[in-house]
Amino acid sequence: MEIKIKRIIFLLAIFTLVAGISTSCKEEDKTMRGIALNMSKLTLDADAIEQVRFYPIPWDAPLTEGFTWKSENTEIVKVNNKGQVLGVNPGTTNITCECMGFSVTIPVTVRPLVSIQEKIRDLNAKGFWEFDDPNDPAKATIGADLIFVEDQAVISVIDGPRPGDGAVRIPMDPKKKAGNTTGTFIKCLHGFAPKGGKNVNEYTIMWDIRLPAEGPESSYYSLMSSRTLDNSQDQDICIRSNGSFGIGSLGYCDAGTLKLGKWHRVIVTMNSGVSVVYVCDGAKVKDADAASAPIDGRFSLLPGGVLFFADDDGDDSTIDVCNIAIWDRQLTEDEAKSLGAVRQIVEFEE
């Protein structure tokens, strides 16, 4: 028995030694045999930035030299040594990454920039407000002018996301006082006829908004109050201080979806009792609970209008807005996503 045990121990030792030698040989063979990128082609919009990532083959091969990037046509595409690609003008060209004698090239196509104004008109919005006229920021591009309701604070004109873009800042509502159901907010007289019931049960609203970098004054920012036109009810769609938007019964999208100090395009599409979808910056962020949005319920719009950035009891914070659009139908998911993100100043390090 003792001899058998010793033989087993001896065989295990030999096996371990051989395995170790084999593993050691494999670990030592890390010579780079090529390079790869995380995509085989790239399509982006003019004035947009995308990140392309470089990988050695094998992935853990040591780099004894740096890698470089270049564009065949910088009038179409620029690329820096971080692999950031900037769409300059519509067209197609190639970018190449080189490292230690290896190179890889991919085609890059830059799409023509389609303005939000064109997209809004193509989708036949019934109301569109751009806040571009500092002397009359409530003026409509499409539909009726907005109504600025100002109580203890004033809606102010501010700069938008790009030079020439207008925007306004809606300060936090004063907390509700006995007999005071006003506040500071925007009233939208959309002019929609009842649809699907006594109220407007199918619609889409788009807000281009920014949460100021200073952060909120409460736990919420209001987006919409749909049940009254005198601000005597709680908000119906809001943003939480953690950067998620929605409402309790419908559900919220993920925390961190909205960032302080950044412009975001937030869209809610509604077909009461059937479908409620949240879209942000060109991507769907939640299928909300449509069962919690019955016909003529809390989330239907009154035929008379709807309030933006309103709340009755101080569950609100200062918010900036540069565009609002409204439809009397539920946009499809693809239509809502096609509206993309807010065009902002591009910071590209060459």
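The values are calculated or read from the model by the stated rules, or taken from the named source; none is laboratory data. Just so we're clear, the structure is a prediction, and the values are computed from it rather than from any experiment. For neighbour counting, all protein chains shown are included, and Cβ atoms are generated from backbone atoms with ideal geometry for every residue, glycine included.
Counting only strands (runs of 3 or more DSSP E) wholly contained in segment 83-125, the ones carrying 1 or more residues that are at pLDDT below 95 and over 21 Å from the mean Cα position of the chain (by Cα) occupy 91-99, 102-111. Restricting 209, 237 to residues that are buried (at least 16 other Cβ atoms within 10 Å of the Cβ) and touching a His at 6+ places or on another chain (Cβ under 9 Å) narrows the list to 209. Among the residues of segment 241-257, just one is closer than 13 Å to residue 283 by Cβ and among the hydrophobic types (A, V, I, L, M, F, W, C), namely 253.
Only residues that are part of a loop (DSSP other than H, G, I, E, B) and of a type in the set (Ser, Thr, Tyr) were counted across segment 139-158, and they come to 1.
Inspect segment 129-138 for any residue being part of a loop (DSSP other than H, G, I, E, B), within 30 Å of residue 309 (Cα to Cα) and touching a Cys at 6+ places or on another chain (Cβ under 7 Å) and give the result as yes or no. Yes; the residues of segment 129-138 include at least one that is part of a loop (DSSP other than H, G, I, E, B), within 30 Å of residue 309 (Cα to Cα) and touching a Cys at 6+ places or on another chain (Cβ under 7 Å). Output the number of residues of segment 126-162 satisfying the condition of being under 22 Å from the mean Cα position of the chain (by Cα), more than 30 Å from residue 72 (Cα to Cα) and touching a residue at least 40 places away in the same chain (Cβ under 8 Å). The qualifying residues number 8. Taking segment 319-342 as the range and being crowded, with 20+ Cβ neighbours inside 10 Å and out of contact with any His (no Cβ under 7 Å at 6 or more places or on another chain) as the test, the residues that pass are 319, 320, 321, 322, 323, 324, 325, 327, 330, 331, 336, 339. Among the numbered conditions (1) among the hydroxyl-bearing types (Ser, Thr, Tyr); (2) more than 23 Å from residue 141 (Cα to Cα); (3) modelled with pLDDT under 95, the only one that residue 184 does not meet is (2). Scanning segment 285-310 for residues that are part of a loop (DSSP other than H, G, I, E, B) and aromatic (Phe, Trp, Tyr) gives 299, 309.
To keep it simple, each residue is scored yes or no on (1) touching an Asp or Glu at 6+ places or on another chain (Cβ under 8 Å); (2) in the same structural domain as residue 86 (by TED's automatic domain parsing); (3) among the hydroxyl-bearing types (Ser, Thr, Tyr).
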site	(1), (2), (3)
107	no, yes, no
123	yes, no, no
156	no, no, yes
162	no, no, no
166	yes, no, no
171	no, no, no
189	no, no, no
205	no, no, no
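Once segment 296-318 is narrowed to residues that are closer than 21 Å to residue 242 by Cβ and of a type in the set (S, T, N, Q), the residue that is surrounded by the most Cβ atoms within 10 Å (Cβ to Cβ) is 317.
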